[in-house]
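Chemist: Quick one: structure below, then a few questions.
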Amino acid sequence: MPKKNPAPGHYRFSGRRGRVGRPILVTGAGGYIGSALAKSIAAAGPASLVLLDSSEQNLFEIHRHLDEAHARVPHEAILGSVADASLLNGIFRRFSPSIVYHAAALKHVPLLELNPMAAVRNNAVGTYTLAEAARHHGVSKLVLVSTDKAVNPHSIMGASKRLAELTVAALSGPACRMNAVRLGNVLGSSGSVVPIFLEQISRGGPVTVTHPEVSRYFMCLHDAVEAILAAGAADCSGKILLPDLGEPQRITDLARVLAPHVSTQIIGLRPGEKIAEDLVYRTEIRERSGRGPLDVIRTPSPAPAELHGFMAQLGCLLAAGDLPGVIGAICAMVPEYQPSSAIRSACA
């Protein structure tokens, strides 16, 4: 399994205690990673915490938890989307956050292959909208929570997250430093392999595996949060930050560990899935920072003017419902993207 990061609490949120400083904004604050991140930040005693999520139930749960566990930390729950520019401008004017942790994303690969426009609108355009608002309202830092699926993507989810990475790399500057932290599969996250296996085991099996050789990089939730917080403390800009994810694990081996006496059924790769994930592009340069738990990756990125033009085009294509145009534009910006048969059929 992945090499462990330093002991809990080693890379804590860098803000001072005693309600000094500006608020922290967490997008996707009700999700599996976002809620754990919000709890960790609240425990460090920031000036205040702003929670943004598009899921009413998830937002309710994290807001209720902070009410009970961290009542002394001022916190505000806002229901809405990162793709809503008017909402974001209102949030930034009202709260003036100093740092944004951006964990709002649609993530379920097979589902998003059936809903590609939603993936692009939320993950790509939403990140661009958020980054532009952050720049214009004096935010000091923005940390994008990305994924290894953004590398050489076969899924629209991965391609949309790659566009998000390119956005923060292109728009980062001295006034608003932006970086992306590229995570592996976080064990226990909703809809991920371990909860699915446990549900299948509870029913007596079989445990379903898509391919006998499929493998993934895994990390625990604690390590994911520590990596995100370390990214927030990093002094670089416009980079991809990569935690130590160890060696990839075969899903069939994981199934045998969890259910040694339950049968395994091979069901075939689903649209958008890969047998193995990559951590870096061939065109990326890995830089050893010499400090902290993260490797620093320099990634090729478009010029800001090119990115602005691309996002304007993408917005028009989405508004027109032009899926072939959307996929064509993405393939031009992310040439490594290989659309699945489901996407190609939908574009035909």
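Chemist: So which residue, out of 113, 336, 277, gets the largest mean-square fluctuation from a GNM of the chain using Cα contacts under 10 Å as springs?
Modeler: Of 113, 336, 277, the Gaussian network model singles out 336 as fluctuating most.
Chemist: Here's another thing I want to ask about it. Could you work out the relative contact order of the stretch 210-300, using alpha carbon pairs under 8 angstrom and six or more residues apart, expressed as a whole percent?
Modeler: Working: 100 pairs, mean separation 40.1, N = 91.
After rounding, I find 44 percent.
Chemist: Name the shape class, rounded, prolate or oblate, that the alpha-carbon gyration tensor gives for the stretch 173-249, where a ≥ b ≥ c are the square roots of its eigenvalues, rounded holds for a/c under 1.5, and otherwise prolate holds if a/b is larger than b/c and oblate otherwise. Don't skip to the end; give the middle numbers.
Modeler: Working: a/c = 3.56, a/b = 2.65, b/c = 1.35.
Prolate, because a/c is 1.5 or more and a/b exceeds b/c.
Chemist: Explain nothing, just the number: dipole magnitude of the stretch 60-100 about its Cα centre with +1 on each Lys and Arg Cβ and -1 on each Asp and Glu Cβ, in debye rounded to the nearest 20.
Modeler: Values: 4 positive and 5 negative charges, 39 e Å.
The calculated dipole for the stretch 60-100 is roughly 180 debye.
Chemist: With both bridge residues required to lie in the stretch 26-175, what share of the DSSP beta bridges run antiparallel, to the nearest 5%? Spell out each step's value before the answer.
Modeler: On the way: 0 of 13 bridges.
Bridges in the stretch 26-175 that DSSP calls antiparallel: roughly 0 percent.
Chemist: While we're on this one: What relative contact order, as a whole-number percentage, does the chain give when Cα pairs under 8 Å and 6 or more residues apart are counted? Mind showing how you got there, number by number?
Modeler: On the way: 713 pairs, mean separation 63.0, N = 348.
Contact order relative to length: 18 percent.
Chemist: Evaluate the charge dipole of the stretch 221-331 about its Cα centre and quote only its size in Debye, nearest 20, assuming +1 on the Cβ of each Lys and Arg and -1 on the Cβ of each Asp and Glu. Kindly include the intermediate steps, with their values, before the conclusion.
Modeler: Values: 10 positive and 14 negative charges, 31 e Å.
Dipole magnitude for the stretch 221-331 comes out near 160 debye.
Chemist: Right, another one. Select one label from (1) 136; (2) 146; (3) 206: the one whose number is volume of the Cα convex hull per residue in Å³ as derived from the coordinates shown.
Modeler: Of the labelled values, this structure produces (1).
Chemist: Once you place label points 7 Å from the Cα toward the Cβ at residue 235 and residue 56, how far apart are they in nm?
Modeler: Calculated label separation equals 4.7 nm.
Chemist: Going by average Cβ neighbours within 10 Å, how do the peptides 185-196, 90-101 rank, with the highest at the top?
Modeler: Details: 185-196: 16.3, 90-101: 19.9.
Per-residue Cβ counts within 10 Å, averaged per peptide and sorted highest first, yield 90-101, 185-196.
Chemist: Something else: For a test of the definition: using alpha carbon positions, the gyration tensor, and the 1.5 limit on a/c, classify the stretch 241-348 as rounded, prolate or oblate. If you can, show how the numbers build up before the last one.
Modeler: Working: a/c = 3.32, a/b = 1.25, b/c = 2.67.
Oblate, since a/c reaches 1.5 and b/c is not below a/b.
Chemist: Just to check I understand the Karplus step: with θ = phi - 60° and J = 6.51 cos²θ - 1.76 cosθ + 1.60, what whole-Hz values come out for the stretch 261-272, glycine and proline as x?
Modeler: 10, 10, 5, 10, 10, 8, 10, x, 4, 8, x, x
Chemist: Say we join alpha carbon atoms closer than 10 Å with springs in a Gaussian network model of the chain; which of 228, 78, 201 then has the biggest fluctuation?
Modeler: 201
Chemist: Relative contact order for the stretch 156-242 using alpha-carbon pairs under 8 Å, separation at least 6, rounded to a whole percent? If you can, show how the numbers build up before the last one.
Modeler: Values: 84 pairs, mean separation 40.4, N = 87.
Reported relative contact order: 46 percent.
Chemist: Measuring from centroid to centroid over Cα atoms, what is the spacing of the stretch 78-144 and the stretch 282-348 in Å?
Modeler: The two parts, judged by their Cα centres, are 16 Å apart.
Chemist: Go through 154-164, 213-223, 46-56 and give me the packing order, highest mean Cβ count within 10 Å leading.
Modeler: Ranked by mean Cβ neighbours within 10 Å, highest first: 154-164, 46-56, 213-223.
Chemist: Continuing with this model, one more query. For the stretch 110-244, give the magnitude of the charge dipole about the Cα centre (Cβ charges: +1 Lys/Arg, -1 Asp/Glu; no others), in debye to the nearest 20. Intermediate results must be reported in sequence, preceding the final value.
Modeler: Numbers: 11 positive and 10 negative charges, 66 e Å.
For the stretch 110-244, the charge dipole is close to 320 debye.
Chemist: For a quick check, take a GNM of the chain with Cα springs below 10 Å and name the residue from 206, 271, 248 with the largest mean-square fluctuation.
Modeler: 206
Values in this text are rule-based calculations from the coordinates and carry no lab data. This one's a predicted model, so the numbers in the text were calculated from it and none came from an experiment. A quick note on method: Cβ atoms are made from the backbone with ideal geometry, for glycine too, and the neighbour counts reach across all protein chains shown.
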